[in-house]
Amino acid sequence: MHPNPLFDARAPADRPRSLYVHVPFCTRRCSYCDFAVQATREAPTAEWMDAVAGEMRMLAAERGWDGPLRLDTVYVGGGTPSLLGPDAMAALRDRLRPWAVWDDDAEWTCEANPESFTPDVARGWRAAGVNRISLGAQTFHEPTLRWMGRLHGPDGPARAFGAAREAGIGNVSVDLIFGVPARLERDWGADLVQALLLEPEHVSLYGLTAEAAAPLGRWVGEGRETLADEDRYADEYMLAHTTLTGAGFQHYEVSNFGLPGLRSRHNFAYWTGEPYAALGPGAHAFYPPLRRWNVRSWDAYRDHVAAGRLPTDDEETVDADTGGLERAWLLLRTDQGWPMDDAGEAVVRLADGWTERRLARVADRRLRLTAEGWLLLDTLALQMATAAEVDERAAALTA
Ligand code: SF4
């Protein structure tokens, strides 16, 4: 079988340079959310810190990591990390220090929601070393914010931005959601302009979907709510592409836009098949070729760790067979694209067809999807994985 560079088994000593830490607490659940979160008035910060440090200690022992990991990227996501308060990131860094360290050159991102990202939190996090914030704005349209169950008003993101800038955080990403129900009369173009007026370094888009475990999934299932149809979904995606690239952003991944030099380094570890460690409820890790994920519930997670057990829910080994589709999906989802240097006949034919339909273009011997192509990413990745396999079989027959 042709070697699959993304999923070759690496030596067990291969040490992750990226770490994800999940904070499973939110003040209340948003209507569209099916993440591993628990609604709580006050986050049990000390308990969470003990559990995460306990998991890290057990994980390091289990993986045989000798000495602390040296990390290039750290991402604290959720949930609502900003609920943990101003001292939480300094405490997290201290608690993890025996097993993981990172310096000022590392990209340290924390997710924050506007209502809890106060000037105190911003200052405390910056002093700890946080240098990138991912801010959950979602929309600036008041009725849509209410429908989503968000706790901030239309002015919340600007206040949070001000806090970040005043604290000296120069890299802020804004999350926006598109494809909301038409009856809400949200003006997507106006929201994009509002986001740009904040002068962010990065924008992440989320196309609204009705996940079965989210309240929205139930509303749609009961016929009480209707999502955007395919045409409007595509129109809004394309409007975001045109507006943001027109403002100088690079559309470098299906859902992500960054100013030059300001792409998410952490997410690139996910998209390029690098190993990454993960802590917290529902967190997914990759220790090639092993993919592993934790139990989702906070209570179960805390109890596992307290009992001295790793909180693993399940794991799978990614081999060359299962990795083929994933490799296509990962390579095509960013602007690194598919390498055409040793492309066989089937891949070349497919690439020609996509290029004619303006779903992709070839530059520097890489086949890169256009925004129109990214709208069809799942289908195109499957086509590419199939074509690559056809070429591999043909090559094996003639070898
Ligand atoms: S704030 Fe984020 S994680 Fe929390 S409920 Fe809302 S969407 Fe989910």
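The values are calculated or read from the model by the stated rules, or taken from the named source; none is laboratory data. Predicted, not measured: the structure shown is a model, and the values here were computed from it. Please note: Cβ atoms are built from the backbone with ideal geometry, for glycine as well, and neighbour counts cover all protein chains shown. With ligands, DNA and RNA removed, areas are computed over all heavy atoms of the protein, side chains included. Shrake-Rupley method; radii C 1.70, N 1.55, O 1.52, S 1.80 Å.
Just want the answer: with Cβ charges of +1 for Lys and Arg and -1 for Asp and Glu, which residue in T312, L83, C30 is farthest toward the dipole's positive end in the chain?
L83
Quick one: order Y252, Y233 from most to least accessible surface, probe 1.4 Å. It would help to have the intermediate numbers written out before the result.
Numbers: Y252 0, Y233 75 Å².
Solvent-accessible surface, decreasing: Y233, Y252.
Taking the mean number of other Cβ atoms within 10 Å as a proxy for protection, how do you rank 180-188, 295-303 from highest to lowest?
On the way: 180-188: 16.0, 295-303: 18.6.
In decreasing order of mean packing, 180-188, 295-303 become 295-303, 180-188.
If you roll a 1.4 Å probe over the chain with all protein chains in place, what percent of the accessible area is carbon or sulfur?
Values: 9040 of 17990 Å².
Carbon with sulfur: 50 percent of the solvent-accessible area.
Could you sort 20-33, 376-389 so that the peptide with the highest average Cβ count within 10 Å comes first and the rest follow in order? Write out the running numbers ahead of the final one.
Values: 20-33: 21.3, 376-389: 17.9.
Listed from highest to lowest mean packing, they are 20-33, 376-389.
Taking a ≥ b ≥ c as the square roots of the Cα gyration tensor eigenvalues, with a/c under 1.5 meaning rounded and otherwise prolate when a/b beats b/c, else oblate, which class fits the chain? Before the final figure, lay out the partial values.
Working: a/c = 1.65, a/b = 1.14, b/c = 1.45.
Oblate, because a/c is 1.5 or more while a/b does not exceed b/c.
Per residue, how much accessible area does the chain show when a 1.4 Å probe rolls over the protein heavy atoms, in square angstrom? Before the final figure, lay out each step's value.
Working: 17990 Å² over 399 residues.
That works out to 45 Å² per residue.
To the nearest 10 square angstrom, what accessible area does R361 show with a 1.4 Å probe?
In the full protein context, R361 sits at about 140 Å².
R0 = 22 Å: FRET efficiency of E230 with E356, Cβ-based, nearest 0.05? Each step should come with its number before you reach the end.
Working: r = 22 Å, r/R0 = 1.01.
The value I calculate is 0.50.
Using a simple spin-label model with points 7 Å from Cα along the Cα→Cβ vector, what separation in nm is obtained for A39 and T272?
4.1 nm
Under a Cβ-Cβ limit of 4.7 Å, which cysteines in the chain have nobody to pair with?
C26, C110 - these cysteines have no disulfide-compatible partner (Cβ-Cβ under 4.7 Å) in the chain.
Please give the length that would be gained between R28 and R365 if that part of the chain were fully extended, namely 0.36 nm times their separation in residues minus their C-alpha to C-alpha distance (nm, one decimal). Before the final figure, lay out the partial values.
Details: separation 337, 0.36 × 337 = 121.32 nm, distance 4.81 nm.
Stretched out fully, the R28 to R365 stretch lengthens by 116.5 nm.
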